[in-house]
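Quick notes on the structure that follows.
Bear in mind these aren't lab numbers, they're just calculated from the coordinates by the rules spelled out. Keep in mind it's a predicted model, so treat the numbers as computed, not measured. Neighbour counts are summed over all protein chains in view; Cβ atoms, including those assigned to glycine, are modelled from backbone coordinates with ideal geometry.
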Amino acid sequence: MGNKTPLYEAHVAAGAKIVDFGGWDMPLHYGSQLEEHHAVRQHAGAFDVSHMTVVDVSGTDARAFLRHLLANDVARLSTPGRALYSCMLNETGGVVDDLITYYRGDNAYRVIVNASTRDKDLAWMAKQASAFDMVVKERAELAMIALQGPEACERAASLIDPGWREQALALRPFHAIEAGDLFIARTGYTGEDGWEVVMPAERAAAFWRSALDAGIRPCGLGARDTLRLEAGMNLYGSDMDETVSPLEAGLGWTIAWEPEDRGFVGRSALTEMRERSDRQRFAGLVLEDKGVLRDHMRVVVDGIGEGVITSGGFSPTLERSIAMARIPAGDYDRAKVEVRNRLLDVRVVRMPFVRNGKAQIDIQGDKS
Amino acid sequence: MSELPGDLLYTSEHEWLRKEDDGTVTVGITDHAQSALGDLVYVELPEVGQEVEAGGEMAVVESVKAASDVYAPISGEVVAVNVDLSDDPEKINADPYEDGWIVRLRPTSDDGESMSPDEYQAFLDELED
């Protein structure tokens, strides 16, 4: 028996197929993962993401601590309510976790990390904290619901107190507001518009029910994974881990190299790696043939070398298989993937594959 | 879970067999199997004329979640494959015992082990515990 979110009973009652995810009993789907995927691309879906770990960092040195801890620079968060995606690295430049930090004003930040990495993240933060005058506090009593899709905010508007509604609807991407005891952020993990709402656990069941009553479809972790894959968003543990740097996981854009005198954890290791010209590429693959690309499959680039698929699957939007892969350096747009002892043709593309309901790559199979 | 069709035989690999009047055997995967796999997105079919051995790999069904081998429940020659599955693999989810059939075999021997509907139901019940 794993940990259960405040919505577990609601998931079971709705006929969800429950699976273990990082020690949590979570809904995989409520009948059809494909239909849930399409609901988010075309209308609106609700995800229980209460298993994720909310950590509040506050005190005199909160900002200095996060500037030391994270590869991205929270000094970029100039006004309260702004959010920043970042990696938290170890000394060798490997990724301990990826996370989002929200600035709440008055030396206070909210950091949301993954569920399956909770224990090691908290231990790592504690280890890095000693020289700083601030408090790191896990907020296990909070639940979180993601409302995603082109119609998500509009449909969910009725769930927000009228006093805050207009402000919530006006939020720009990667901005948040605190609306009473709701923390509402215009963020997500699907490549669609939407909100992620953090709230007291005791409010979660009613909020979830209201979202469903507003025509938002409940969606499980299965759809969450195919949506984020199409959106070209990394999954911790698959696309990067403690042995992989952000530079090899397509996350170079999240490293704040300036100012040069900011000495964040992992900086010197990253600086060395940055100079290397043989560094592996992180790219998208699109399967030309029928079949399904899966995690760990071997990628072969003729005359250049080999790589590996870090996340592979079927794209319901493109109706073909796509993958993220770490592949050899070089300028090429064709490769092969070994699928059950056969080498199948793939195109190497820039991600995302899909954004805001639309294909971002040419899916006719022509050279682009 | 819906009731098992009474005119079929079943295997421990969650395949079903139907003995046709012309002596051939139609094979598919059970409702339990399709439900466990989730939405199917690809089916790899054998060639017509191919010989298969009882217990050997015969086809592959891939869902959003994973790939899964379909084993030949008996030895035989492939006399037909359900080509509709190439474009509509979800037929297996929607109708595993009829439209979602996978392969038709002409048996070449009397091998392979199968269960009656009652035996398969008991087998499933045991899996649930």
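Quick rundown of the values:
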| quantity | calculated |
| --- | --- |
| Antiparallel bridge percentage (DSSP; both residues within the protein assembly as shown; nearest 5) | 95 |
| Nonlocal amide H pairs with A:Arg355, under 5 Å, H built at 1.01 Å | A:Gln360 |
| Kirkwood hydrodynamic radius (C-alpha pairs) into Stokes-Einstein, segment B:13-128, 4 °C and 1.567 mPa s, D in µm²/s | 91 |
| Ascending count of other beta-carbon atoms within 10 Å, so fewest first, for B:Tyr71, B:Tyr10 | B:Tyr71, B:Tyr10 |
| Whole-Hz couplings from phi, Karplus 6.51/-1.76/1.60, listed for segment A:282-296; x for Gly and Pro | 10, 9, x, 10, 10, 6, 6, 8, 6, x, 9, 6, 10, 3, 6 |
| Total charge dipole magnitude, chain B, about the Cα centre, Cβ charges on Lys, Arg, Asp, Glu only, Debye to nearest 20 | 240 |
| Residue-by-residue Karplus 3J(HN,Hα) for segment A:320-326, coefficients 6.51, -1.76, 1.60, Hz, glycine and proline x | 7, 8, 10, 7, 9, 8, 9 |
| Footprinting exposure proxy for B:Val78, A:Val19 (fewest neighbouring C-beta atoms within 10 Å first) | A:Val19, B:Val78 |
| Calculated FRET efficiency for the pair B:Asp7/A:Lys127, C-beta based, R₀ 41 Å, to 0.05 | 0.05 |
| Compactness of the protein assembly as shown, expressed as Rg and Dmax over alpha-carbon positions, Å | 25.2, 83 |
| Two-site FRET efficiency, B:Ala80 against A:Asn356, from Cβ-Cβ distance with R₀ of 41 Å, rounded to 0.05 | 0.40 |
| Inter-label distance, nm, simple model (7 Å from Cα along the C-beta direction), A:Arg165/B:Ala36 | 4.9 |
| Cα extents of segment A:102-214 along the three principal axes, largest first (Å) | 46, 29, 29 |
| Choice from A:Asp213, A:Asp295, A:Asp193 with maximal GNM fluctuation in chain A (Cα, 10 Å cutoff) | A:Asp213 |
| Cβ-based net charge around A:Val49, under 13 Å, with every Lys or Arg adding one and every Asp or Glu removing one | -1 |
| Net charge, A:Glu202 excluded, C-beta distance under 13 Å - Lys, Arg +1, Asp, Glu -1 | -1 |
| FRET efficiency for A:Arg139 and A:Glu35, using Cβ-Cβ distance with R0 set to 22 Å, rounded to 0.05 | 0.10 |
| Gain in span if fully extended, A:Arg279 to A:Leu212, counting 0.36 nm per residue against the direct Cα distance | 19.5 nm |
| Proximal charge balance of A:Thr60 [Cβ under 13 Å; K/R count +1, D/E count -1] | -2 |
| Which listed pairs, of A:Lys17/B:Lys19; A:Lys120/A:Lys358; A:Lys358/B:Lys91, have C-alpha distances above 31 Å, in listed order | A:Lys17/B:Lys19; A:Lys120/A:Lys358 |
| GNM result for chain A, Cα springs below 10 Å: residue of A:Met199, A:Met125, A:Met233 fluctuating most strongly | A:Met125 |
| Contour minus Cα-Cα distance for A:Asn107 and A:Ala13 (0.36 nm per residue) | 29.6 nm |
| GNM top mover of A:Ser311, A:Ser86, A:Ser268 - chain A, alpha-carbon springs below 10 Å | A:Ser268 |
